[in-house]
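All remarks here apply to the structure that follows.
The values are calculated or read from the model by the stated rules, or taken from the named source; none is laboratory data. Bear in mind that the values here come from a model prediction, so they are computed numbers and not experimental data. As a convention, Cβ positions derive from the backbone with ideal geometry for all residues, glycine included, and neighbour counts pool all protein chains shown. Heavy atoms of the whole protein, side chains included, go into the accessibility calculation; ligands, DNA and RNA do not. Shrake-Rupley method; radii C 1.70, N 1.55, O 1.52, S 1.80 Å.
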Amino acid sequence: MCDLAELLNDWHRHLGSTNRAESTKRRYLKDARALLAYLLENGMPTRPEDIARYHVEQFVVFELTRPRRRGGNAPTLSPATVAGCYRSLQQLWRWLADEGLVPVNVFEAMHPPRVPEQPVPVLSDEQLSALLAAAKGRDFADRRDTAIIRLLIDTGMRSAELLGLAVPDLDFEQDVARVLGKGGRGRAVPFGNRTGEALRRYLRLRARHRDAHTAALWLGTQGRLGQAGLRRLLDRRADQAGLSHVHPHQFRHTMAHRWLADGQQEQDLM
């Protein structure tokens, strides 16, 4: 039978046909390679039919207790991160079982690590106002950052959805942005008048950007704005606003919190 190292290439090919997000496929493969490295380092079997529940559980315990950086004293990986790794391996073993490469799916008798609830802190009205005030200005970065912050406040869209927007995805007749969500599912998210105004101001400056010919909506000094650029953008504005840290997902939780606090229904929010 094949070694797990050989089979990961076949699994990666299989994942390419499942319509999962690229980030999800990369995470699955990264977690599977982490398990393989652990098995090799500890002299454990690497042929799938020889890998037992014990070996996988030992790997999970290792992930829960190891420091973030080798030789350091930094906190261990969060239970949520390890639970995500567990789910990646669960998908791998499901594929191995479907392919007849293991006599039994060891995950059928296992349970994922318990993840304590840690609610994401929402942003107060004062904090949101401070962020917008930090981006108040008329240059390109100010106009762009204001439009991004307002769009996140209004829609609660995911960072990948935000960064995946193209200029034609903005519909100013309906005041909606058409985003591509998880699983390749598209949807239209509405935004308010002030956000629409901020977007139009940004687009007027964007038209003079050296990369204005590209379809991507959000541009930076190096072309299309990516995840790292978005994080730096929010870190800079948070620092200017006197806030310790602002994560893109906080806007999503803030939007949901405000919706429910206004007496709206959770089903309508979904």
Does R201 qualify as being in a helix (DSSP H, G or I) and closer than 23 Å to L123 by Cα?
no
Quick test of your reading of the structure: R114 fulfils all but one of (1) modelled with pLDDT under 90; (2) of a type in the set (D, E, K, R); (3) surrounded by 12 or more Cβ atoms within 10 Å (Cβ to Cβ). Name the failing condition by number.
(3)
Scan the range 202-243 for residues that are open to solvent by 90 Å² or more (accessible area, probe 1.4 Å) and in contact with a helix residue (DSSP H, G or I) (Cβ under 7 Å, 6 or more places away or on another chain) and report the count.
1
Top-ranked residue of the range 143-168 - restricted to ones that are open to solvent by less than 40 Å² (accessible area, probe 1.4 Å) and of a type in the set (D, E, K, R), ranked as modelled with the lowest pLDDT
E161
In contact with a helix residue (DSSP H, G or I) (Cβ under 7 Å, 6 or more places away or on another chain) and surrounded by fewer than 20 Cβ atoms within 10 Å (Cβ to Cβ): does that describe F140?
yes
Scan (1) more than 24 Å from K182 (Cα to Cα); (2) modelled with pLDDT under 90; (3) not in a helix (DSSP H, G or I) for the single condition R20 breaks and write down its number.
(1)
On the given criteria, is R178 more than 23 Å from S124 (Cα to Cα), modelled with pLDDT of 90 or more, within 19 Å of the chain's Cα centre (by Cα) and not polar (S, T, N, Q)?
yes
Given the criteria among the aromatic types (F, W, Y) and either crowded, with 18+ Cβ neighbours inside 10 Å or under 17 Å from M255 (Cα atoms) (or both), does F191 qualify?
yes
Being open to solvent by less than 60 Å² (accessible area, probe 1.4 Å) and either at pLDDT below 90 or hydrophobic (A, V, I, L, M, F, W, C) (or both) is the filter here, so list the residues in the range 43-63 that pass it.
M44, I51, A52, V56, F59, V60, E63
Taking H12 and the conditions (1) closer than 21 Å to R66 by Cβ; (2) in contact with a helix residue (DSSP H, G or I) (Cβ under 8 Å, 6 or more places away or on another chain); (3) not hydroxyl-bearing (S, T, Y), which numbered condition does it fall short on, given that it satisfies the others?
(1)
Residues of the range 37-68 that turn out to be within 18 Å of V82 (Cβ to Cβ), part of a helix (DSSP H, G or I) and touching a Pro at 6+ places or on another chain (Cβ under 8 Å), as a count
4
